[in-house]
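The values are calculated or read from the model by the stated rules, or taken from the named source; none is laboratory data. Computed from a predicted model, the values in this text were never measured in an experiment. Cβ placement follows ideal geometry from the backbone for every residue including glycine, while neighbour counts extend to all protein chains displayed. To get the accessible areas, we keep the full protein, side chains included, count just its heavy atoms, and leave off ligands, DNA and RNA. Shrake-Rupley method; radii C 1.70, N 1.55, O 1.52, S 1.80 Å.
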Amino acid sequence: MSSTDLATGESFTSLAFQYRLGIGTFSESVHLTCRAIEQQMMASQFPRPTEDMWRAIALKVWEKWNFPNCLGAINGKHITIVSPAHSGSLFFNYKRSFSIVLLALTDADYRFTFVQTVLYQDPVYKAQCHNAAFPLKPWRVFHTRMNVKPENADCIVTAACILNNYLTNPSENQRWLDEAEERGEVLPSVRNMGGNRGCREAYGVREKLCTFSAPQKAESRDKTTWCSAY
């Protein structure tokens, strides 16, 4: 459900209806999942920078983009949200919309090496707000106004950045999955979800109703036939 929310950007009302769940149940599931992604995957997808790491990034930028002595591309982006209740102008920005600000650093392969969200507009804080340095276009949730609380928008943005790093490094992902399996941190196998058949009693009721509704002589449709179906 969380991946559907990030990938489509549809409202919780629409997605909850598609999953046949209550809006509160669906939204809580998304927020809990995003927080779990942040807690479990932050350390592996955003390791603490080291000198060797910065040197490797600078070398990759030079080889791929022909730009020397560069540690990555840093930029800011406004994440548009619905104005929080009783917030006044706290989240209002110069684009005349309400937003939180994402500040991030990416390497030569558009993988995030550092992310930080600013939940309200500090007059001292300035950020260039362009999309070129951010690999967030596939996540449709960033093309809409998030109708969530600012703290929940923060965890959604962080989860999307973590998943971006995870999906853009397949070989590292397999190693991470293998290590999780060794620690027993894997989901159980899903049981057969399709082809489930109803009980015989239900089929019996259906057949009797089918017989009752089928074209036939009026005298054959008596109360006994109708009542016996139940």
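Going by accessible surface with a 1.4 Å probe and the largest first, 67, 114, 17 read 17, 67, 114.
Going by average Cβ density within 10 Å per residue, which order do the peptides 201-207, 106-112 take, highest to lowest?
Ranking the peptides 201-207, 106-112 by packing returns 106-112, 201-207.
Annotation for the stretch 19-82 versus the stretch 91-117: alpha-carbon center distance of 10 Å. Placing unit charges on the Cβ atoms only, positive for Lys and Arg and negative for Asp and Glu, gives the stretch 47-124 a dipole magnitude near 240 debye about its Cα centre. With the simple model of a label 7 Å out from the Cα in the direction of the Cβ, residue 50 to residue 96 spans 5.1 nm. Per-residue accessible area (protein heavy atoms, 1.4 Å probe) orders 77, 60 as 60, 77, starting from the largest. The figure for residue 143 is an accessible area of roughly 100 square angstrom, using a 1.4 Å probe on the protein chains alone.
In the complete set of protein chains, residue-level accessible area for residue 42 is approximately 60 Å², probe 1.4 angstrom. For 149, 95, the ranking by accessible surface with the largest value first comes to 149, 95, using a 1.4 Å probe.
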